[in-house]
1. Within the range 331-353, does at least one residue satisfy the condition of being within 16 Å of the ligand (Cβ to nearest atom) and in a loop (DSSP other than H, G, I, E, B)?
2. Restricting attention to the range 223-239, report how many residues are away from the ligand (no atom under 16 Å from the Cβ) and outside any helix (DSSP H, G or I).
3. Anything in the range 253-273 that is touching a residue at least 24 places away in the same chain (Cβ under 8 Å) and either away from the ligand (no atom under 11 Å from the Cβ) or surrounded by fewer than 24 Cβ atoms within 10 Å (Cβ to Cβ) (or both)? List them, or say none.
4. Among the helices (runs of 4 or more DSSP H) contained in the range 9-74, which hold 2 or more residues that are surrounded by 11 or more Cβ atoms within 10 Å (Cβ to Cβ) and touching a strand residue (DSSP E or B) at 6+ places or on another chain (Cβ under 7 Å)?
5. Scanning the range 207-222 for residues that are under 9 Å from residue 179 (Cα atoms) and not in a strand (DSSP E or B), which turns out nearest to the chain's Cα centre (by Cα)?
6. Could you say whether any residue in the range 297-306 is more than 17 Å from residue 81 (Cα to Cα), touching a helix residue (DSSP H, G or I) at 6+ places or on another chain (Cβ under 9 Å) and assigned to a loop (DSSP other than H, G, I, E, B)?
7. Report yes if residue 354 is closer than 19 Å to residue 40 by Cα and under 19 Å from the mean Cα position of the chain (by Cα), otherwise no.
Ligand code: PLP
């Protein structure tokens, strides 16, 4: 921290080195020094093909480039273009819309913007949101930036099996000291582990939360971060549990962070939506009003071109089928890469967290920094987390997957 600060007290001392982008820089430096054939860059959560080229969906890219300037450059509505909001809801549920609920949506700059609104509008200042212990780093930053904190629940037991025990304990603990509680779930295809909660996990979660909500002074908000949903299985596998939302009381609100970043491989276009689902019309209307107000107060409106694209795709089944087919190809590419790692991990006795799908595999480690450093000496670049190292298999070409598990095992010895 500098000795003399001009900053307001709440901003003083802020600043962080981004964990992912700093490893990416090291990987890029190694590529510049040695050539890309000698380097495994497993740092960044973006898809690269087997020639290590950045991947976009060509149907999306082509459609976007033909859109008229007016649709690309003009402002969008503050809450989002109405047909975009409709499309965002359709893409989120894809036929698994919960019955007897009121569903509203507000456009946000990606899932990040959606997380921001939920943390700010549903957690009291100074109180905590409950997030998983393996988590996407920005959750903590976003909470901190808005004068909120986080507490964590353990996702796995000592055998690395998924458990709800810790979530239940932490929920009860926090509800003793705060009336508003936001609980974050990042599923399917959780970042960084690749875990996907099952229908059974969800049924147990909801029956527990409904008990907690019998005390009507408590307001429980689920934040469902579905950034990787379209790489995690069939529509039924990934959305089936959403039907359960129709059984919730009015003091349990479901919010969903919908993102175009991965689903349409448009990361930098910054487009997504916050979707709210409630059995109460009043709660749903309040959700819309306060979050649209936040849009005006934080970033005004979102990226019109990206919104228009989604709205048009939703009205064009042929284009949608093309995009789905292309995405399916990349889902398979990542799945094949994961299969190599998981098979070899088993063969060499390397423990991983329970991977089901998605962009990442994580290996638990007692000294993740040391493991990452040792791997870096071998020109393998992974992100060290608090309790493990993360492999972004989305960015490693298939021919470089073989041998990674064995090298990781060695680095841990
Ligand atoms: N949630 C998780 C778990 C992520 O990994 C990401 C992106 O990496 C996001 C949300 C949000 O991404 P965006 O703001 O680009 O939609």
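Bear in mind that the values in this text are calculations on the coordinates, not laboratory data. Please read all numbers here as calculations on a predicted model, not as lab measurements. Neighbour counts are summed over all protein chains in view; Cβ atoms, including those assigned to glycine, are modelled from backbone coordinates with ideal geometry.
1. Within the range 331-353 (the criterion being within 16 Å of the ligand (Cβ to nearest atom) and in a loop (DSSP other than H, G, I, E, B)), the answer is yes, since at least one residue qualifies.
2. First pass over the range 223-239, keeping only residues away from the ligand (no atom under 16 Å from the Cβ): 233-237, 239.
From what is left, the residues that are outside any helix (DSSP H, G or I) are 233-234.
The number of residues fulfilling the criteria is 2.
3. If the condition is that a residue be touching a residue at least 24 places away in the same chain (Cβ under 8 Å) and either away from the ligand (no atom under 11 Å from the Cβ) or surrounded by fewer than 24 Cβ atoms within 10 Å (Cβ to Cβ) (or both), then 253, 254, 255, 256, 261, 263, 265, 267, 269, 270 are the ones that fit.
4. Values: elements: 19-34, 58-65, 69-73.
Those helices (runs of 4 or more DSSP H) span 19-34.
5. So, considering only residues that are under 9 Å from residue 179 (Cα atoms) and not in a strand (DSSP E or B), the one nearest to the chain's Cα centre (by Cα) is 218.
6. Looking for residues that are more than 17 Å from residue 81 (Cα to Cα), touching a helix residue (DSSP H, G or I) at 6+ places or on another chain (Cβ under 9 Å) and assigned to a loop (DSSP other than H, G, I, E, B), one finds none in the range 297-306, hence no.
7. Judged against the criteria, residue 354 is not a match.
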